[in-house]
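J.: Take this structure, written in structure tokens, and hold onto it; I'll ask about it next.
The values are calculated or read from the model by the stated rules, or taken from the named source; none is laboratory data. All of these numbers come straight from a predicted model, not from anything done at the bench. Backbone-built Cβ (ideal geometry, glycine too); neighbour counts: all protein chains shown.
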């Protein structure tokens, strides 16, 4: 490359930086203008739209209530006479006439499912339609309805029961289920007062209102005058609402308040005390603004694209060596043997050679680090592997096979989950030397679950650990090997007849932490016990060697030097106790 092309590359760089600065500045200014001017306008427009739709939405429910009240008030004088006659003379004939009148009243209006009355005597009489609703059960379980029976005047709207009606006989599947609400009202006739209840099918109403709500909002709910939930479009939304909203937030007849990352609009139906609340998130409210932002960003990117399409091909030849070097540097990763081959006789060639030398040095260092990490990984794996009893893993796999043949998938999941947690603790690549007693206890719970499945709860494990010690640090993976020793050496060689108990005690004496594991197994012979205490045995002397004890003794010696004790007490046919003590404070040398 000659000097002219070198200077051209510098000029191209300065021009590119200048253009990028100008375009960035224009884009930032445009964004600020949009935020300052357009955002309030769009937000106000969206706010008014949501408010208007919510008012229309609320009026739909108000209209439904007014219609229901109007139909309820349309009872004729003949009906009141029949009620009065039956109250004065409660014969089966008079009751049949009253039921017939209720049935005719029910059939007169669309969406009436059934109608019933509570008489002053406490008797409940309903129409012949849909008697399997379980009317008296619904009414009897509602405290507000029961309060209504104790007063002379008043009314009550129940919550919406989703799929609340089940027809025993139905012509089509669509007739099987309805969403219902019931409206109860006290009616006085002369000196007598009875409670009329209309069960109303609101499935169509909910579907129509959902479509209207979805046009502007994401969720909505209805609260009655008692502050209780009438209906919600989403149980998750209602849980969030009642967990974060106080009744004072919607104390006025209408208004709005923030919730999470959105806005709630509310309006009260004065005649009944219902409050309809609709929720919309800010991103949905400002979706038009987001669209404009996307369009502005797209237009902003047009010029760089045109620059890329037309100007870069013109300068590509002059900037080829720089691009080659740049691509080589970009493709370089530690450990890859890449090199730059540029012969321009100027600073670029010097830079290329320097880069090649740097690659060689970096790769050399990477190889050294990789070799060292590999050696550390091998040592770490071997150290952790010795902490896992292969016999335990083999038996656990055997349990899973047996359960699989039995088809007990739930037990397989439990055992597999416990085994994974144990292995994860044992094969932790971080090689944490210490862990809390709480975590060691949790690992023991997983181990105990596996052993319970294997031996059908014939061996019980009891824990005596003070809660105040749970956060104390002890050598990692120390409890399970001790308990494994009790399982496989303390009890019968016939693993299917194991029975007994294992007790685990952890306590503090002065400055030492004591771990004591005791079993009531078969015990150890005096000769064998002497070998174990003198560490003169070989770990492979028998089929089930004391790998766990040897591992624990070596790790304690590494951590605490000579500042620990490990005692093993055993009596044939009575049991074995292993007591380990070490300083409760972690040694500073670690």
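J.: Scanning for something closer than 30 Å to residue 453 by Cβ, buried (at least 20 other Cβ atoms within 10 Å of the Cβ), touching a strand residue (DSSP E or B) at 6+ places or on another chain (Cβ under 7 Å) and modelled with pLDDT under 80, does the range 502-524 turn up at least one residue?
T.: There is no residue in the range 502-524 that is closer than 30 Å to residue 453 by Cβ, buried (at least 20 other Cβ atoms within 10 Å of the Cβ), touching a strand residue (DSSP E or B) at 6+ places or on another chain (Cβ under 7 Å) and modelled with pLDDT under 80.
J.: Something else about it: Just checking, does the range 173-196 include any residue being surrounded by fewer than 18 Cβ atoms within 10 Å (Cβ to Cβ), modelled with pLDDT under 90 and within 22 Å of residue 286 (Cβ to Cβ)?
T.: Looking through the range 173-196, none of the residues is surrounded by fewer than 18 Cβ atoms within 10 Å (Cβ to Cβ), modelled with pLDDT under 90 and within 22 Å of residue 286 (Cβ to Cβ).
J.: I'd like the residue in the range 548-563 that is free of Cβ contacts under 8 Å to residues at least 40 places away in the same chain and under 16 Å from residue 513 (Cβ atoms) and, out of all such residues, is surrounded by the fewest Cβ atoms within 10 Å (Cβ to Cβ). Lay out the reasoning, then the answer.
T.: First, the residues of the range 548-563 that are free of Cβ contacts under 8 Å to residues at least 40 places away in the same chain: 550, 553-554, 557-558, 560-563.
Next cut, under 16 Å from residue 513 (Cβ atoms) only: 560, 563.
Working: 560: 18, 563: 13.
Among those that are free of Cβ contacts under 8 Å to residues at least 40 places away in the same chain and under 16 Å from residue 513 (Cβ atoms), it is 563.
J.: Among the candidates 244, 213, 209, which residue alone is within 20 Å of residue 55 (Cβ to Cβ) and within 29 Å of the chain's Cα centre (by Cα)?
T.: Working: 244 fails: within 20 Å of residue 55 (Cβ to Cβ); 209 fails: within 29 Å of the chain's Cα centre (by Cα).
One residue alone meets the criteria, 213.
J.: Ok, one more. Please find, within the range 161-172, the residue that is modelled with the lowest pLDDT out of those that are crowded, with 16+ Cβ neighbours inside 10 Å and out of contact with any helix residue (DSSP H, G or I) (no Cβ under 7 Å at 6 or more places or on another chain).
T.: That would be 164.
J.: I'm checking my understanding of the structure. Among residues of the range 450-487 that are out of contact with any helix residue (DSSP H, G or I) (no Cβ under 7 Å at 6 or more places or on another chain) and in a loop (DSSP other than H, G, I, E, B), which one is farthest from residue 393 (Cα to Cα)?
T.: 466
J.: Condition test on residue 235, is it out of contact with any strand residue (DSSP E or B) (no Cβ under 7 Å at 6 or more places or on another chain) and under 27 Å from residue 45 (Cα atoms)?
T.: no
J.: Cβ-Cβ below 8 Å, separation at least six or inter-chain, first residue in the range 404-416 and more than 12 Å from residue 453 (Cα to Cα), second modelled with pLDDT of 85 or more and assigned to a helix (DSSP H, G or I): which pairs?
T.: 404/412
J.: Looking for whichever is modelled with pLDDT under 85, in a helix (DSSP H, G or I) and either exposed (fewer than 12 other Cβ atoms within 10 Å of the Cβ) or in the same structural domain as residue 440 (by TED's automatic domain parsing) (or both) here; the options are 366, 359, 413, 379. Which one fits?
T.: Step by step, each of 366, 359, 413, 379 is checked, and only 379 is modelled with pLDDT under 85, in a helix (DSSP H, G or I) and either exposed (fewer than 12 other Cβ atoms within 10 Å of the Cβ) or in the same structural domain as residue 440 (by TED's automatic domain parsing) (or both).
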